[in-house]
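Below is one structure, written out as structure tokens; the observations come after it.
The values are calculated or read from the model by the stated rules, or taken from the named source; none is laboratory data. Since the model is a prediction, treat every value here as computed from it, not as a measurement. Cβ: placed from backbone, ideal geometry, glycine included. Neighbour counts: every protein chain shown. Side chains included, ligands, DNA and RNA excluded: accessible areas come from the protein's heavy atoms. Shrake-Rupley method; radii C 1.70, N 1.55, O 1.52, S 1.80 Å.
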Amino acid sequence: ATTEIYTLSLHDALPILIGKATARQLVQMLETVVSRVGTARRAQVPGYQVAGKTGTVHKVVNGGYADDNYIGLFAGLAPATDPRIVTVVVIDDPAGDAYYGGLVAAPAFSRIMSGVLRSLHVPPDKPDGLLAGGPDGEDRS
């Protein structure tokens, strides 16, 4: 397996495509994916609110979709309250029976994002250290 890391710095080089309110609504929707009721609970990072999206696709083989070849992915950002880091993890042909992005890519995202946030000294946005709860981030247990 190969690991490829790409770094892109976006200062003021890109035009604004959506407004701040729309962007915040989108991030809030993506936070539910990483909540206790979402499909990417394994992407959670202790101390940080994370937002993201899973993906699972059948690979194309010989002009058609393969029955048992997949790509699982997770794209996310943190901290969700003031995004600093965006990371995409793509797992090509995951081993074993698990192939969904929330199962195979989200845990790698969690480990990578946790290390990057610590390395860059990004302050936690969930200082209690708790993981996200319900869709709105509130603990409902």
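Structure above, values below:
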read-out	value
Residue that is surrounded by the fewest Cβ atoms within 10 Å (Cβ to Cβ) [pool: residues in the range 50-75 that are within 11 Å of the chain's Cα centre (by Cα) and of a type outside the set (A, V, I, L, M, F, W, C)]	55
Options 54, 81; residue that is outside any strand (DSSP E or B) and of a type in the set (Ser, Thr, Tyr)	81
The one condition in (1) at pLDDT 95 or above; (2) touching an Asp or Glu at 6+ places or on another chain (Cβ under 7 Å) that residue 108 fails to fulfil	(2)
Restricting the range 97-124 to residues that are among the aliphatic types (A, V, I, L, M) and in a loop (DSSP other than H, G, I, E, B), the residue that is nearest to residue 44 (Cα to Cα)	105
Test result for residue 99, open to solvent by 90 Å² or more (accessible area, probe 1.4 Å) and aromatic (Phe, Trp, Tyr)	no
Selection within the range 104-121 - open to solvent by 80 Å² or more (accessible area, probe 1.4 Å) and farther than 18 Å from residue 73 by Cβ	118, 119, 120, 121
Enumeration of residues in the range 84-96 that are open to solvent by 70 Å² or more (accessible area, probe 1.4 Å) and either under 11 Å from residue 51 (Cα atoms) or hydrophobic (A, V, I, L, M, F, W, C) (or both)	86, 88, 90, 95
